[in-house]
Each structure stands twice: as C-alpha cells, then as structure tokens.
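Each remark here refers to the structure printed beneath this line.
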Amino acid sequence: MFEIHAVAAAMYLVAFLSCTLGVLQLFPRGLPLSAWLLGAGSFFHTLALYSLHYRDPAPSLEEPVLVFSLVAWVVSVASCLFLARGRLAGLVVLVSPVAFSAVSLVIIRLPMLGSGEGEPHAGWSHLHVLISSAGIGLLGISGVAGALYLWRHRDLKKKNPYISSFAPSLEALEKLGLLALCIGFLCMTFGVLTGLFWAQAVSEKFWSYTEHGLATIFTWVIYVSLLVGRLGMGLSSLKLSIGSFVGFLFLLLTWLGSEAIR
C-alpha cells in the first residue's frame, strides 16, 4: 500500500520536473512527456486510493488528508482528459505539485489513518464526500483556468511572446473553464443534496443553519449566477474567468473553514 502511494508521488514529481524543463525550453519534449507522466501518476493514484479499502480498519473518507487526496485525484484525472484535447500541456506544472503534495500527505499520515468504529450512515457520508470532492476538484480546474485566462489576456495586451509560447490559448482556457464549471457545478449540486440527506439521517433535521451550510448555499448561488450569466445572458469570457476564480477562492475558504471548526 505504501509502495503504491510512493510510486504515484514519484510519477507526479517527475511530471512536474519534466513540464518545468519543457516550459523553460531546456527539454523540448518535456511538455508532451509530462502529460503521459501525469497519466501514469493518476493511474497509480487510483490504485493507491482503492488499496485503502483493504486496510483494517478502513480509514474514514472524512479524513482531511483523504479528502485532499480525492480532490487532487479528480483534478489529475480530469486534467488528463482535457490534455487529450487542445494545447494544455502547460497545466501539468500546476496540477502535478498539488497531486504530489496530496499523495505525500497521505503517505505521512498512513500509519495513523483508520478508525476502529463503524461510521453511522456511511453510505450517505461516503457518497457526499466523493461527489463533493469531484465538485471541488472540477471547480478548482475552472478557477485555475480563469486565473490563467486573466493572466494570458493581460500578457497578450502587453505583447509578451514568451508567455504565449507555452501557455494555453485563450480559446482553450475558455472551453476548459466552462466545461469544468458545468460538470463541477452538477457535482456540487449533488454534493449539497447528499449532504442534506446525510444530515437528516444523522440528526433527523433536513437543514440546520450552520456557518458551513449557509456558506455552501451562498457559493452555490454564485455558481448558478455564473452559469446563467454565461449560458443565458451572454456574460463575457473575461467576466466569467473573474467569477470562476473568485468563486473557487470562496469555495476553498468555505471548505477550509469547515475543517478548521470541525
């Protein structure tokens, strides 16, 4: 089990180094090679997460390091799918360090993971964590794509040829951000619903006015507004990128805040 996590971490680290060398134009084949290495890291990351089911006792998916690992895995797998279309190999330099950090944290915490007590209503809790992790990961991709869009847009105005030589095009970033936003929003919506059913199963209350719950609903409204604005009202790509980036920052603060007060 430890070995699989170590191989996944190594693959992510080598992918980062390969992509960095490619971006710096020290190793021309570094960018395409890094995409394959990221795919290999995602494969071993999948095996590593699956292997956790064979621990006795099995760790809870509510462990913060496992949630982080799940989010990083979703980002890694989704990035591999997106890399198959368009000029996006430069994103590996952003994705691989996050995935490497997530797997490394699991390796450090691996001896301490696991709970001897069975989880009440584990079905709803597992479903909520898995779907919410997918939503956070995809909305994170949307937020990063938005940030890169703003960065690339600014540098194109300044006519910076170096940035344009390796950064994804504005069109590719726009498509990536919108696709990740749409799918991530669906996952977030199902995550909210499964969270409500989980809360009802545990406390017999379908809704409780907690800070985390209110912040989650507010974040959901932000993303609804972005999608309605883009798909129904012709919101510009620039404003969508700003909204995606700000929305993810708020979502990230919401998640980190809920972990801090748990």
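Values as computed for the structure displayed
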{"quantity": "Distance from the range 24-76 to the range 129-158 (C-alpha centre basis), Å", "calculated": "19"}
{"quantity": "Most to least packed among 246-253, 136-143, 228-235, 177-184 [average Cβ atoms within 10 Å]", "calculated": "136-143, 177-184, 246-253, 228-235"}
{"quantity": "FRET efficiency for H53 and V228, using Cβ-Cβ distance with R0 set to 41 Å, rounded to 0.05", "calculated": "0.55"}
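Since every read-out is calculated from the coordinates, none of them should be taken as a lab result. Just so it is clear, the structure is predicted and the values come from calculations on it, not from any experiment. When we count neighbours, we look across all protein chains shown, and the Cβ atoms used for this are built from the backbone with ideal geometry, even at glycine.
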